[in-house]
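Report on the following structure.
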């Protein structure tokens, strides 16, 4: 099946089998390795990407379901030399440990702030609860999201 998507601002067209997951398409077909694979069942959030601005689990979405949509992966958010403010907030506030969940957490934060630029602490906790971190205990992640919120307000 033919899949036409806009990934990180670049038009991509590929033929894929109808059973190819979006995660496989992003990582193996397009070579974008920032999107992580872990649970393969859509519950951990490591594979979070934005499709049409909304956070989705790439491991539980078929590539053909993305046809005609705009996708944003961590590679499209910032660069090592010019981090997106959310990425910088995660660096500055110790919102990462091993870094495995970080791309999904950063993109989930972007989705949250696009929907609600000034969320309360409770709204942040509820929204971010869909992604799992096995290292940090969430204090640094919460501080990072709150810093990104504060930065938007200034």
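Quick one: which of 71, 112 is crowded, with 21+ Cβ neighbours inside 10 Å and under 24 Å from residue 4 (Cβ atoms)?
So the residue among 71, 112 that is crowded, with 21+ Cβ neighbours inside 10 Å and under 24 Å from residue 4 (Cβ atoms) is 71.
Does residue 70 satisfy the criteria of being in the same structural domain as residue 16 (by TED's automatic domain parsing), under 25 Å from residue 19 (Cα atoms) and touching a residue at least 24 places away in the same chain (Cβ under 8 Å)?
So residue 70 passes the test.
Condition (residue is buried (at least 16 other Cβ atoms within 10 Å of the Cβ) and over 12 Å from the mean Cα position of the chain (by Cα)) applied to region 97-107: is it met by at least one residue?
No: region 97-107 contains no residue that is buried (at least 16 other Cβ atoms within 10 Å of the Cβ) and over 12 Å from the mean Cα position of the chain (by Cα).
Of the residues that sit in region 98-113 and are part of a loop (DSSP other than H, G, I, E, B) and in contact (Cβ under 8 Å) with a residue 60 or more places away in the chain, which one is farthest from residue 130 (Cα to Cα)?
Top of the filtered list is 100.
Are any of the residues in region 36-43 closer than 29 Å to residue 91 by Cα, in contact (Cβ under 8 Å) with a residue 24 or more places away in the chain and under 12 Å from the mean Cα position of the chain (by Cα)?
Among the residues of region 36-43, at least one is closer than 29 Å to residue 91 by Cα, in contact (Cβ under 8 Å) with a residue 24 or more places away in the chain and under 12 Å from the mean Cα position of the chain (by Cα), which makes the answer yes.
Please determine whether any residue of region 127-148 is over 30 Å from residue 13 (Cβ atoms), surrounded by fewer than 15 Cβ atoms within 10 Å (Cβ to Cβ) and touching a helix residue (DSSP H, G or I) at 6+ places or on another chain (Cβ under 7 Å).
no
Is it true that residue 95 is assigned to a loop (DSSP other than H, G, I, E, B) and on the phi < 0 side of the Ramachandran plot?
yes
The values are calculated or read from the model by the stated rules, or taken from the named source; none is laboratory data. The shown structure was predicted, so the numbers you read here are calculated from the model rather than taken from an experiment. A quick note on method: Cβ atoms are made from the backbone with ideal geometry, for glycine too, and the neighbour counts reach across all protein chains shown.
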